[in-house]
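The values are calculated or read from the model by the stated rules, or taken from the named source; none is laboratory data. These numbers come from a predicted model, not from an experiment. Ideal geometry is used to build each Cβ from the backbone, glycine not excepted, and the neighbour counts take in all protein chains shown.
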Amino acid sequence: MGSQIPNPCYVLEVDKLRSNLEKIEYVRKSSGVTILLAFKAFAFWPVLNIVREKFGVATASSLNEVMLANTYMLSKPHTYAPVYSPEDIDEIIERSSHLTFNSLGLIERYREKIRQSRNKDLSVGLRVNPELSQVETDLYNPCLPGSRLGVPADELPEELPEEIEGFHVHALCESSAAETASLLGQIEKKFGRWLGKLKWLNIGGGHLMTRAGYDTEGLIEALRAFRSRHQNLELILEPGSAFGWQTGYLTSRVEDIVEHGGVKTAMLNVSFACHMPDCLEMPYKPVIRGAHHEPVAGLPTYRMGGCSCLSGDYVGEWSFDKELKVGDEIIFEDMMHYTTVKTTMFNGVKHPSMAVQDSKDSEIRVVRSFDFSDYVGRMG
């Protein structure tokens with residue numbers, strides 16, 4: 001990579017993004033469903049014009065994301081958030097095409113604002129909880145007992161408030177086609193008596209249809225079968241990771257090498273806590289370009305240490321064909337989803353630049369760099 005770009009830097013590869021868009025478009029056309037881009041996983045604004053060529057609508061979870069959709073997708077988003085504040089709700093109502101509430105109480109609270117809005121085409125929905133836990137990591141499982149997200153079927157009235165035109169369900173995370181099929185079956189089981197009265201059903205994200213080995217045809221079959229049984233419903237999916245999956249990387253550099261208790265750690269100029277938080281939260285071990293993903297006996301082996309002062313800011317271990325040295329570049333693969341949307345400036349650590357490579361042979365162009373003004377601006 002050399003001196004082409006700053007280090008650290010997120011680099012999005014447009015060719016790989018276009019490949020994902022084609023795969024997602026195939027599912028959409030083959031199944032007849034509506035597919036939206038979920039900003040919560042992928043909101044890399046410099047390439048939203050490319051996404052917009054095939055998918056012109058996004059999902060938003062805050063006023064900022066709503067405005068991102070208006071500005072870069074040139075459309076009103078489908079909006080859902082666990083709560084809405086009085087300071088934001090008026091603008092969210094005006095700027096959204098769909099607005100989903102997390103509780104019946106919130107619908108009651110904002111009923112008059114919806115009725116008095118100039119946005120007469122707004123479609124109101126309610127998030128429901130299918131009580132189906134298929135996600136192993138509790139942090140990402142919205143269907144745990146006592147979940148604060150969505151209304152269970154046994155707490156719904158027989159007659160829904162007249163404003164409600166759709167249900168929103170979110171229960172998956174990087175899940176399989178079979179798990180999507182199970183979710184659809186559970187929705188019918190739990191909410192079947194209301195489905196005939198609705199206009200749309202949003203089954204959320206977690207459909208990782210661009211992952212190698214994903215059963216695309218199985219997903220299409222499950223979606224088509226559900227649609228055939230509920231022809232009154234527009235069936236909506238809102239994947240996020242699927243759009244950004246394997247579309248770019250994060251460059252970093254070895255700044256020091258320390259060894260204590262027989263453990264060698266390559267100290268980097270990036271942070272897992274600040275720049276790759278899912279590695280610690282999920283947790284998972286990212287792929288490093290050119291490294292052996294698992295330790296190999298006899299080869300130099302290192303843990304990767306982040307640059308923040310958080311004690312647990314490390315992941316390991318990888319083996320390399322030769323000893324690492326200060327100044328060596330370390331490239332973390334698949335770092336475009338749930339990264340830039342979740343980064344922090346904890347410790348004031350340097351935030352990676354953002355860059356785009358339009359094709360495999362084109363130059364990498366930096367679209368955003370960060371400095372002290374960005375850091376201090378976040379502090380007030």
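Of note:
- Checking Ala178 against (1) in a helix (DSSP H, G or I); (2) closer than 15 Å to Val33 by Cα; (3) in contact with a helix residue (DSSP H, G or I) (Cβ under 7 Å, 6 or more places away or on another chain), the condition it does not meet: (2)
- Annotation: Gly316 fulfils all but one of (1) modelled with pLDDT under 95; (2) in a helix (DSSP H, G or I); the unmet one is (2).
- Pairing each residue of region 75-87 that is among the small types (Gly, Ala, Ser) with any residue that is surrounded by fewer than 22 Cβ atoms within 10 Å (Cβ to Cβ), provided the two are 6+ apart or on different chains, yields C-beta distances under 8 Å for Ser75/Gly56; Ser75/Val57; Ser75/Ser97; Ala81/Ser61; Ala81/Ser62; Ala81/Asn102.
- In region 324-380, the residues that are closer than 30 Å to Lys264 by Cα, out of contact with any Cys (no Cβ under 7 Å at 6 or more places or on another chain) and among the aromatic types (Phe, Trp, Tyr): Phe332, Tyr338
- Qualifying residue in region 334-351 (condition: assigned to a strand (DSSP E or B) and farther than 20 Å from Gly244 by Cα): no
- The set of residues from region 331-342 being crowded, with 19+ Cβ neighbours inside 10 Å and more than 27 Å from His292 (Cβ to Cβ) comprises just one member, Thr340.
- Single unsatisfied condition, Ser359 versus (1) touching an Asp or Glu at 6+ places or on another chain (Cβ under 6 Å); (2) closer than 24 Å to Gly205 by Cβ: (2)
- Candidates are the residues of region 248-278 that are outside any strand (DSSP E or B) and in contact with a strand residue (DSSP E or B) (Cβ under 6 Å, 6 or more places away or on another chain); the one that is surrounded by the most Cβ atoms within 10 Å (Cβ to Cβ) is Val270.
- Flag: Ala291 does not match the condition of being buried (at least 18 other Cβ atoms within 10 Å of the Cβ), in contact with a Lys or Arg (Cβ under 7 Å, 6 or more places away or on another chain) and not hydroxyl-bearing (Ser, Thr, Tyr).
- Summed over region 212-246, the residues that are within 28 Å of Ala60 (Cβ to Cβ), small (Gly, Ala, Ser) and assigned to a helix (DSSP H, G or I) give a count of 4.
- Region 297-319, subset of a type in the set (Ser, Thr, Tyr) and closer than 16 Å to Ser252 by Cβ, residue surrounded by the fewest Cβ atoms within 10 Å (Cβ to Cβ): Ser308
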